[in-house]
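Following: one structure in structure tokens, then a few remarks.
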Amino acid sequence: MWRLSISVVFLPCIAAFLLTALSSAYGYGDSEATCSGIVPLRYRNDKISITDFGGVGDGRTVNSKAFRAAIYRIQHLRRRGGTVLYIPPGVFLTESFSLTSHMTLFLARGAVIKAVQDTRNWPLIDPLPSYGRGRELPGARYMSFIHGDGLRDVFITGQNGTIDGQGEVWWNMWRSRTLKFTRPNLIEFKNSKEIIISNVIFQNSPFWNIHPVYCSDVVIHHVTILAPQDSPNTDGIDPDSSNNVCIEDSYISTGDDLVAIKSGWDEYGIAFGRPSSNITIRRITGSSPYAGIAIGSETSGGIKNIVAEHISLSNMGLGVNIKTNIGRGGYIKNIKISNVYVENAKYGIKIAGDTGDHPDAFYNPNALPIVKGIHINNVWGVNVQNAGSIQGLKGSPFTGICLSEINLHGSLNSYRTWKCSDVIGTSLKVSPWPCSELRTTSGSYSCSSTF
């Protein structure tokens with residue numbers, strides 16, 4: 001246990017060191033830029049402890065009443081500048097609970113907020129309107145372990161304390177097909193703004209880890225997110241129909257995509273019509289059997305103005321995966337991904353128009369997504385089995401695809417060719433040699449000029 005706790009605490013430090021070293025070695029430019037200032041830090045004078053409300057951190061006592069009482073106090077007394085809810089060292093077992101505006105949930109070093117494993121009384125909430133139903137099953141969905149709806153000015157932070165979803169009971173229900181509703185996320189903020197999540201370890205989420213949906217002005221940085229590689233659908237960070245989101249300086253190792261940007265599902269996402277936009281992803285390190293940086297496949301509200309840079313990945317299914325499908329509608333445009341290091345991966349880069357399921361039989365197969373303006377620059381891969389695949393749609397080819405300064409090195413048994421169809425674009429200094437649809441540029445214009 002001592003060895004594990006030491007390694008977990010220092011994972012963010014190790015990640016930062018690796019990213020700095022890689023940035024220096026490969027000339028990745030200004031690796032110290034930050035977007036975290038979009039939400040200002042606020043000092044809160046009012047401070048309370050969960051123990052003031054009867055909280056007991058013995059790992060056995062269920063502290064649901066204590067959390068609800070503390071948050072009720074914050075909500076109704078409305079102290080000027082907000083209130084810090086302090087979680088001291090100890091293991092605080094609790095049912096799911098909702099936060100309130102103008103509060104900081106602060107986890108001390110050694111503090112653990114742990115979800116109960118009794119799922120029978122877990123609260124249900126309505127499906128998201130942009131999904132029309134639960135993501136896994138029709139009908140309602142289980143509320144996230146820590147939830148926020150319609151909030152403003154909320155911070156989850158501390159000294160690398162832990163929020164543990166104890167997700168194995170949920171994973172086993174998924175595997176045995178005994179789930180009644182869609183599994184809960186670990187953290188979800190809905191219709192909220194001015195959110196900061198930092199310096200906390202998140203582990204063993206039942207489903208997606210951190211899910212800001214219909215949110216704006218969100219900063220997630222200096223976090224560690226952990227789940228077993230065989231844990232189903234444990235995405236790291238999933239901004240969904242949200243704008244002005246900053247994700248930086250974090251280590252993620254889970255059973256699904258490390259960061260996946262979404263914006264609604266088929267006809268429901270088209271009708272809701274809220275895009276994800278102005279999202280920056282920077283200095284992320286991690287591993288997963290799926291993708292490091294993903295867009296989609298739920299893209300029906302549109303996804304635009306995305307920057308991902310200084311990404312270091314190892315033992316991956318894919319490095320970069322941009323995915324959509326017929327029936328999605330919407331668009332994916334103005335995407336800039338640069339300075340990516342990938343080691344030991346099945347695929348380096350994959351852009352596909354045939355990925356993802358549908359909520360029901362009522363989707364419109366003629367609702368084809370528009371994918372254009374995808375710029376991927378300065379990618380270095382080691383032991384990458386398949387270089388890349390870019391496969392658009394016959395009725396809606398992917399256009400403006402720009403690849404430059406990409407070197408994907410394979411092993412002796414790797415298939416290092418590119419596969420392309422229904423795509424129009426350019427390439428410059430790409431190895432292995434890209435497909436003919438990406439004609440090599442020369443002269444005054446080059447892909448790299450777009451960065």
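The values are calculated or read from the model by the stated rules, or taken from the named source; none is laboratory data. Keep in mind that this is a model prediction, so the values were computed, not measured. Heads up, the Cβs are rebuilt from the backbone with ideal geometry, glycines too, and the neighbour counts pull from every protein chain shown. The area values use the complete protein model at the heavy-atom level, side chains included, leaving out ligands, DNA and RNA. Shrake-Rupley method; radii C 1.70, N 1.55, O 1.52, S 1.80 Å.
Tabulated data
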quantity: Inter-probe distance in nm under a simple model that places probes 7 Å from Cα toward Cβ, at residue 417 and residue 271; calculated: 4.5 nm
quantity: Whether the range 213-348 is rounded, prolate or oblate, judged on the alpha carbon gyration tensor where a/c under 1.5 counts as rounded; calculated: prolate
quantity: Acute angle (nearest 10 degrees) that the helix 64-77 long axis makes with the longest principal axis of the chain, alpha-carbon atoms; calculated: 90 degrees
quantity: Derived scalar couplings ³J(HN,Hα) [the range 127-140; Karplus, 6.51 cos²θ - 1.76 cosθ + 1.60; whole Hz; x for Gly, Pro]; calculated: x, 5, x, 7, 10, x, 6, x, 5, 9, 9, x, x, 5
quantity: Virtual spin-label span in nm between residue 436 and residue 159, 7 Å along Cα→Cβ; calculated: 6.5 nm
quantity: Estimated vicinal HN-Hα couplings, Hz - the range 342-355 in sequence order (Karplus 6.51, -1.76, 1.60; Gly, Pro = x); calculated: 10, 10, 6, 9, 6, 10, x, 9, 9, 10, 9, x, 9, 10
quantity: Residue 140-residue 176 pseudo-label distance in nm [points 7 Å out on the Cα-to-Cβ vector]; calculated: 2.3 nm
quantity: Per-peptide average of other Cβ atoms within 10 Å, ordering 197-207, 76-86 highest first; calculated: 197-207, 76-86
quantity: J(HN,Hα) series, the range 142-147, from Karplus relation 6.51 cos²θ - 1.76 cosθ + 1.60, nearest Hz, glycine and proline x; calculated: 6, 5, 4, 4, 10, 10
quantity: Amide proton proximity set for residue 234, modelled H, under 5 Å, gap of 5+; calculated: 255, 256
quantity: 5 angstrom amide H check on residue 408, placed H, neighbours 5+ away; calculated: 381, 431
quantity: Surface share of carbon and sulfur [accessible, 1.4 angstrom probe, percent] for the range 47-438; calculated: 49 percent
quantity: Placed amide H near residue 197: partners under 5 Å, 5+ positions off or other chain; calculated: 156, 219, 220, 221
quantity: Among 226-232, 246-252, the order from most to least packed when residues are scored by Cβ within 10 Å on average; calculated: 246-252, 226-232
quantity: Per residue value of the accessible surface for the range 47-438 (all protein chains in place, 1.4 Å probe), Å²; calculated: 35 Å²
quantity: Largest-first ordering by accessible area, 1.4 Å probe, given options 128, 428; calculated: 428, 128
quantity: Among (1) 73, 54, 43; (2) 69, 51, 42; (3) 114, 62, 43, the entry that matches Cα extents along the principal axes in Å as calculated here; calculated: (2)
quantity: Expected 222 nm ellipticity per residue - DSSP helices of 4 or more, -39500 (n - 2.57), all of the chain, to 500; calculated: -4000 deg cm²/dmol
